[in-house]
Amino acid sequence: MKLAEIFGFQIEFGYVSITRMSMDIVTTLRSSFMSGVFVGIAGFGYLATRDMVGSVLFAFALLGVVHYKTKLYTGAAGFITPRELGQLALILFGNILGCLAVALLARASAMPLQEAAEQFLAKRLELGPLRGALLAIGCGFIMTTAVTFARKGSYFPLLFGVPLFIVCGFPHCVADAFYYLAAPLAYWQANLGSILIFYVSIVLGNFVGCNFYRWVMGANPE
């Protein structure tokens with residue numbers, strides 16, 4: 001007998017069903033954590049260069065996510081059903097944890113990555129939540145398009161799409177999570193409220209962009 005559905009996983013009466021749900025949650029967190037690591041490493045490279053080379057190299061992240069089929073917020077948001085919104089939140093949480101792991105690694109680097117991250121974050125906050133959310137729509141649209149083509153074996157939209165959203169200044173909520181977490185703690189302490197509000201705005205903007213195609217066309221991208 002079905003009791004409820006939480007995080008997109010069905011719960012039924014009985015120990016076995018609850019255990020299976022717990023295992024599914026752990027599997028999702030592990031997969032989404034790995035996606036966060038991919039994005040964090042790509043972000044590490046971008047902070048080290050802050051130029052077109054870094055933008056192109058960032059495609060490593062999505063190539064890794066697509067090949068290993070790990071779960072990424074902007075790779076899943078355009079394909080989920082309403083009952084899976086909780087699962088999408090779980091994916092984002094895992095992505096952020098993966099980014100945090102690499103952000104801690106970045107603090108051990110001899111390169112001035114924390115300073116670069118602070119400058120990046122300061123420019124983001126200058127946009128404000130509304131402009132940030134609107135720009136994030138562009139990134140979500142590019143990501144869903146890139147993932148749709150990659151699932152069919154065509155990687156050109158991915159290779160061009162990732163540098164495109166970076167050059168355009170479209171925020172990607174998982175990439176931004178790495179940049180924010182790599183910034184100095186003192187900057188966080190001084191701007192905590194603004195950072196959190198802005199971050200929520202780009203998460204929502206990415207979600208809108210990821211779903212733009214199917215909301216307009218009335219069908220899933222695939």
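Does segment 151-213 classify as rounded, prolate or oblate by the C-alpha gyration tensor (a ≥ b ≥ c root eigenvalues; a/c under 1.5 gives rounded; else a/b over b/c gives prolate, otherwise oblate)? Judged from the Cα gyration tensor, segment 151-213 comes out prolate (a/c at least 1.5, a/b above b/c).
Distance from the Cα centroid of segment 93-108 to that of segment 151-169 is 23 Å (rounded to whole angstrom). Panel order for 176, 24, 51, by other beta carbons found within 10 Å of each beta carbon, from fewest to most: 51, 24, 176. The value for the chain of Rg(Cα) / (2.2 N^0.38 Å) is 1.02. Net charge dipole, segment 2-217: roughly 380 debye, given to the nearest 20, about the Cα centre with Cβ charges of +1 for Lys and Arg and -1 for Asp and Glu. Report summary: the helix-based calculation at 222 nm, which adds -39500 (n - 2.57) for every DSSP H run with n ≥ 4 and divides by the residues of the chain, gives -26000 deg cm²/dmol.
Residue by residue, segment 163-175 carries 3J(HN,Hα) couplings of x, 4, 5, 6, 4, 6, x, 7, x, 10, 5, 7, 4 Hz when phi is fed to the Karplus relation 6.51 cos²θ - 1.76 cosθ + 1.60 (θ = phi - 60°); x denotes Gly or Pro. In segment 2-217, with Lys and Arg counted as +1 and Asp and Glu as -1 at Cβ, which of these residues, 85, 139, 104, has the Cα nearest the positive end of the dipole, that is, farthest along it? Value: 85. Exposure proxy shown here: for 123, 71, the number of other Cβ atoms within 10 Å sets the order, fewest to most, as 123, 71. For segment 117-133, backbone phi angles converted through the Karplus equation (6.51, -1.76, 1.60; θ = phi - 60°) give residue-by-residue couplings of 5, 5, 5, 4, 5, 4, 5, 4, 5, 5, 5, x, x, 5, 5, x, 5 Hz, Gly and Pro being listed as x. Classify segment 78-199 from the C-alpha gyration tensor, please: rounded if a/c falls under 1.5, else prolate or oblate depending on whether a/b exceeds b/c. Judged from the Cα gyration tensor, segment 78-199 comes out prolate (a/c at least 1.5, a/b above b/c). Per-residue Cβ neighbour counts within 10 Å put 143, 21, 111 in the sequence 111, 21, 143, beginning with the fewest.
Computed from the coordinates by the stated procedures, all read-outs in this text should not be read as laboratory data. Note that this is a predicted model, so its numbers are computed, not measured. Cβ: placed from backbone, ideal geometry, glycine included. Neighbour counts: every protein chain shown.
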